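Student: Can you read through this structure? Questions will come right after.
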Amino acid sequence: MKMSNLVAGVRASNRSARVIRILMVLLAARSLSFAAIPQERTTNPQGRQIEDATNRRFLAALAAYKAQQYAAAQHELEPLLKSAPTSFEGNELLGLVYVAQGNQSEANRYLAKAVQLKPSVAEAQTALATNLLALHRVDEAELRFKKVVRMEPQSYDANHNLGEFYIETGKIGSAIPFLKHAQAIDSLAYNNGYDLALALEQTERFDEARQQLQQLITLRDSAELHSLLGDVEEKSRNYVSSAAQYEQAARMIPNEQNMLNWGAELLLHQTFAPAIEVFKAGTQRFPRSAQLHDGLGIAFYGAGQMDEAVGAFLRASDLSPTDPLPLKLLGKACDGASAELAPQVRFRLQNFITHDDRSAELNYYLAMCLWKGNQVESKPDLSKEIESRLKRALALDPNYSDAYFQLGNLYAEQRKYEEAIEQYQRALKTNTNSARIHYRLGQVLARAGNGALAQQEFAIFERLRKSESDATNKEQNQIQQFVYTMRKSDANQQ
């Protein structure tokens with residue numbers, strides 16, 4: 001009995017979370033361990049009648065279990081165990097029946113009894129270990145899985161199951177030796193090989209992961225292998241190879257995740273035109289995917305097509321109205337949006353914040369969008385709203401350097417130089433090496449009549465300006481941040 005038949009793991013986008021579910025195993029795979037009729041029968045006619053009745057009950061229970069009629073199986077087994085409490089087969093089967101009904105606590109009683117009766121049966125030990133894991137009795141489960149490996153050190157199942165146990169419990173490094181041993185025993189075992197590659201990737205053993213994946217691809221070429229190999233190549237900074245692997249995965253199985261991975265990799269390469277085409281194809285195939293619309297918006301943003309970016313982010317927000325990510329991306333794009341679309345961005349941000357005012361970023365972006373509108377038509381009340389939103393952002397995140405900087409700009413625009421100086425100085429506490437903050441601080445110091453300090457700030461500005469990244473690199477870093485934020489959001493939703 002393989003643990004993978006009892007425990008199913010679900011791979012998430014950052015691939016660290018696995019969900020435990022106990023599944024049923026049809027006992028046809030284990031019919032030999034359930035020999036219903038004893039090898040030696042009593043010569044007493046009455047005893048033979050009792051044995052025959054017991055065997056009929058057991059076989060009826062087994063048939064009901066295979067047919068997923070668990071209540072019927074339970075109905076047969078409970079009286080059987082009253083007359084034959086030391087029946088290994090009856091205890092194990094009733095334990096599995098309770099597992100099937102979701103009653104792991106009651107199941108443990110019978111699975112433990114079965115192990116007590118026949119401790120040398122590896123399958124029974126595995127069933128008990130798996131049930132203990134479902135009950136979160138991790139230490140006890142580990143001892144059982146280890147015992148099975150000691151009993152059968154050259155068993156594929158024993159090594160694979162212990163490796164899977166360590167993956168389930170987050171001990172990825174401990175899983176690798178057992179998954180490797182299982183793979184050496186059965187080199188054609190795809191699931192074990194994939195989990196081994198995934199464990200190697202998660203522990204940053206990229207060369208070994210690459211080798212394992214390449215071997216698996218020769219055995220069974222699949223989209224998920226190319227996708228994982230894309231992850232390995234990306235983390236190894238082999239970006240061209242990474243993009244090729246993501247593309248291959250998407251062409252083999254153009255599902256939402258593969259399209260997202262391929263498009264995101266193109267974004268990281270700053271190849272916006274191909275990225276736009278990939279995300280367009282993705283949104284046509286999966287029109288209700290907020291993540292793909294986010295990706296399309298980021299591609300348009302990188303290509304300088306701001307109104308198209310805003311349209312994509314608005315669509316993503318419509319599809320996932322409680323997700324703040326599309327709104328944050330909208331806030332980023334607001335400054336470049338046309339006069340026709342900018343009010344829609346402001347309205348969308350205001351509407352979200354009305355219901356959820358806990359995001360420092362959204363308050364900041366709303367302030368910036370309001371400021372853009374105020375530059376077109378100056379309104380004193382709007383200036384107060386901008387100031388209020390920036391202060392709210394800082395209340396939520398006291399280390400928000402950009403919010404301090406923009407609040408300083410607001411005060412400088414209003415000729416409140418002392419207040420502006422204070423905000424710039426606060427901004428520098430969290431972003432000391434920002435050339436633009438030193439420059440603005442120098443400006444307001446000069447206007448406030450403090451020329452000596454102003455010259456010091458201008459000198460720092462000149463020094464930092466030469467070492468800061470150029471505009472292209474800044475844009476690239478921003479796009480990268482967009483992509484990583486999108487991927488993090490995608491992983492959290494899985």
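Student: What are the residues in segment 81-131 that are open to solvent by 40 Å² or more (accessible area, probe 1.4 Å) and of a type in the set (Val, Ile, Thr), if any?
Tutor: Within segment 81-131, just Thr86 meets the criteria.
Student: Would you point out the residue of segment 48-84, among those that are within 43 Å of the chain's Cα centre (by Cα) and not in a helix (DSSP H, G or I), that is farthest from Leu94 (Cα to Cα)?
Tutor: For segment 48-84, the residue satisfying everything is Ala67.
Student: Given the conditions (1) part of a helix (DSSP H, G or I); (2) surrounded by fewer than 16 Cβ atoms within 10 Å (Cβ to Cβ); (3) among the small types (Gly, Ala, Ser), report the number of the one that Ala141 does not fulfil.
Tutor: (2)
Student: I've got another one for you. Mind checking which pairs have a first residue in segment 96-115 that is farther than 15 Å from Pro85 by Cβ and a second that is of a type in the set (Phe, Trp, Tyr) and open to solvent by 10 Å² or more (accessible area, probe 1.4 Å), Cβ under 7 Å, 6 or more apart or different chains?
Tutor: Final answer for the pair search is Val97/Tyr70; Tyr98/Tyr110; Ala100/Tyr70; Gln101/Tyr70; Glu106/Tyr98; Ala107/Tyr98.
Student: I've got another one for you. Name, by its number, the condition in (1) part of a loop (DSSP other than H, G, I, E, B); (2) touching a Lys or Arg at 6+ places or on another chain (Cβ under 8 Å) that does not hold for Ser120.
Tutor: With (1) part of a loop (DSSP other than H, G, I, E, B); (2) touching a Lys or Arg at 6+ places or on another chain (Cβ under 8 Å) applied to Ser120, the lone miss is (2).
Student: Give segment 225-248 a look and list any residue that's in contact (Cβ under 8 Å) with a residue 24 or more places away in the chain, buried (at least 17 other Cβ atoms within 10 Å of the Cβ) and among the small types (Gly, Ala, Ser), or say none.
Tutor: Result: Ser227, Gly230, Ala243.
Student: Conditions first: (1) surrounded by 20 or more Cβ atoms within 10 Å (Cβ to Cβ); (2) more than 26 Å from Pro343 (Cβ to Cβ). Gly297 passes all but one, so which condition is the exception?
Tutor: The single condition Gly297 does not satisfy is (2).
Student: If Gln211 satisfies all but one of (1) open to solvent by 70 Å² or more (accessible area, probe 1.4 Å); (2) modelled with pLDDT under 95; (3) out of contact with any helix residue (DSSP H, G or I) (no Cβ under 7 Å at 6 or more places or on another chain), what's the number of the condition it fails?
Tutor: The number of the failed condition is (2).
Student: If you take the residues in segment 436-467 that are polar (S, T, N, Q) and part of a helix (DSSP H, G or I), which one is nearest to the chain's Cα centre (by Cα)? Spell out the reasoning first.
Tutor: So in segment 436-467, the residues polar (S, T, N, Q) come out as 443, 450, 455-456, 467.
After this cut, where a residue has to be part of a helix (DSSP H, G or I) as well, the list is 443, 455-456, 467.
Numbers: Gln443: 46, Gln455: 50, Gln456: 47, Ser467: 36 Å.
Among them, the one singled out is Ser467.
Student: On to the next question. Show the residue pairs meeting these rules: Cβ distance below 9 Å; 6+ apart or different chains; first residue within segment 457-468 and closer than 16 Å to Gln425 by Cβ; second residue open to solvent by 60 Å² or more (accessible area, probe 1.4 Å) and of a type in the set (Gly, Ala, Ser).
Tutor: Listed pairs, sorted by first residue: none to list.
Student: Something else about it: Before we move on, is Phe300 at pLDDT 95 or above and within 22 Å of Ser320 (Cα to Cα)?
Tutor: So Phe300 fits the description; yes.
Student: Also: Please determine, by comparing only the residues of segment 432-470 that are open to solvent by less than 70 Å² (accessible area, probe 1.4 Å) and hydroxyl-bearing (Ser, Thr, Tyr), which one is nearest to Lys416 (Cα to Cα).
Tutor: Ser434
Student: Given the conditions (1) under 24 Å from Gly311 (Cα atoms); (2) under 37 Å from the mean Cα position of the chain (by Cα), and given that Arg392 satisfies all but one, which numbered condition is not satisfied?
Tutor: (1)
Student: If I go through segment 58-80 residue by residue, how many of them are open to solvent by 50 Å² or more (accessible area, probe 1.4 Å) and either hydrophobic (A, V, I, L, M, F, W, C) or under 12 Å from Ala100 (Cα atoms) (or both)?
Tutor: Counting residues in segment 58-80 that are open to solvent by 50 Å² or more (accessible area, probe 1.4 Å) and either hydrophobic (A, V, I, L, M, F, W, C) or under 12 Å from Ala100 (Cα atoms) (or both) gives 7.
Student: Output yes when any residue across segment 334-342 is modelled with pLDDT of 90 or more, within 26 Å of the chain's Cα centre (by Cα) and either within 25 Å of Leu260 (Cα to Cα) or not in a helix (DSSP H, G or I) (or both), and no when none is.
Tutor: No, every residue in segment 334-342 fails to be modelled with pLDDT of 90 or more, within 26 Å of the chain's Cα centre (by Cα) and either within 25 Å of Leu260 (Cα to Cα) or not in a helix (DSSP H, G or I) (or both).
Student: Being open to solvent by less than 10 Å² (accessible area, probe 1.4 Å), closer than 22 Å to Leu382 by Cβ and without any contact (Cβ under 8 Å) to a residue 60 or more places away in the chain is the requirement here; does Ala342 meet it?
Tutor: Numbers: open to solvent by less than 10 Å² (accessible area, probe 1.4 Å): yes; closer than 22 Å to Leu382 by Cβ: yes; without any contact (Cβ under 8 Å) to a residue 60 or more places away in the chain: yes.
Yes, satisfied.
Student: Considering each residue of segment 148-165, count those that are surrounded by 19 or more Cβ atoms within 10 Å (Cβ to Cβ) and without any contact (Cβ under 8 Å) to a residue 60 or more places away in the chain, and give that number.
Tutor: Of all residues in segment 148-165, those surrounded by 19 or more Cβ atoms within 10 Å (Cβ to Cβ) come to 148-149, 157-165.
Add one more test, that the residue is without any contact (Cβ under 8 Å) to a residue 60 or more places away in the chain, and what stays is 148-149, 158-159, 162-163.
Summing the residues that are surrounded by 19 or more Cβ atoms within 10 Å (Cβ to Cβ) and without any contact (Cβ under 8 Å) to a residue 60 or more places away in the chain in segment 148-165 gives 6.
Student: Now a separate question. Of the residues that make up segment 192-211, is at least one in a helix (DSSP H, G or I), touching a residue at least 24 places away in the same chain (Cβ under 8 Å) and of a type in the set (S, T, N, Q)?
Tutor: Scanning segment 192-211 turns up at least one residue that is in a helix (DSSP H, G or I), touching a residue at least 24 places away in the same chain (Cβ under 8 Å) and of a type in the set (S, T, N, Q).
The values are calculated or read from the model by the stated rules, or taken from the named source; none is laboratory data. Please read all numbers here as calculations on a predicted model, not as lab measurements. Note that we place each Cβ from the backbone using ideal geometry, even for glycine, and neighbour counts take in every protein chain shown. Only protein heavy atoms, including side chains, enter the accessible area calculation; ligands, DNA and RNA are left aside. Shrake-Rupley method; radii C 1.70, N 1.55, O 1.52, S 1.80 Å.
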